[in-house]
Amino acid sequence: MTFKVSKLTARYSRIEVCHDVSFEVANGEFLAILGANGAGKSSLLGAIAGTVSGKGSILLGDDASTFCHRTNAPGPGSHSSPRDGATCSGR
């Protein structure tokens, strides 16, 4: 099964913390996300999980998953529900 992220952008309010990130991981492969403090590693994973505002596409296997664009994503340390302020559409 393949996991593919295409043109993912993560943001807090108007500040983009990751821009146009794309990668693909095939069955049996590993992916490491490395970077300096503040580079956006956690924000990238948060955008994939839907806890950080983002846009882009995520594909798992042969089917595109529903991608939620968070309009009011919580800031770091917030405990808001990932569904708060989300608008979702299937692809």
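Values as computed for the structure displayed
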quantity: Residue match in the stretch 54-77 (condition: of a type in the set (S, T, N, Q), at pLDDT below 90 and in contact with a Pro (Cβ under 9 Å, 6 or more places away or on another chain)); calculated: no
quantity: Residues satisfying the stated conditions in the stretch 17-46, i.e. surrounded by 15 or more Cβ atoms within 10 Å (Cβ to Cβ) and over 21 Å from Asp62 (Cα atoms); calculated: Val17, Cys18, Gly40, Lys41, Ser42, Ser43, Leu44, Gly46
quantity: Residue within the stretch 45-52 that is in contact with a Phe, Trp or Tyr (Cβ under 9 Å, 6 or more places away or on another chain), on the phi < 0 side of the Ramachandran plot and either at pLDDT below 95 or polar (S, T, N, Q) (or both) present; calculated: yes
quantity: Close pairs from the stretch 1-14: first under 11 Å from Ile48 (Cβ atoms), partner aromatic (Phe, Trp, Tyr), Cβ under 7 Å, at least 6 apart; calculated: Val5/Phe23
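The values are calculated or read from the model by the stated rules, or taken from the named source; none is laboratory data. In this text, all values refer to a predicted model and were calculated from it rather than measured experimentally. Note: ideal-geometry Cβ built from the backbone for every residue, glycine included; neighbour counts use all protein chains shown.
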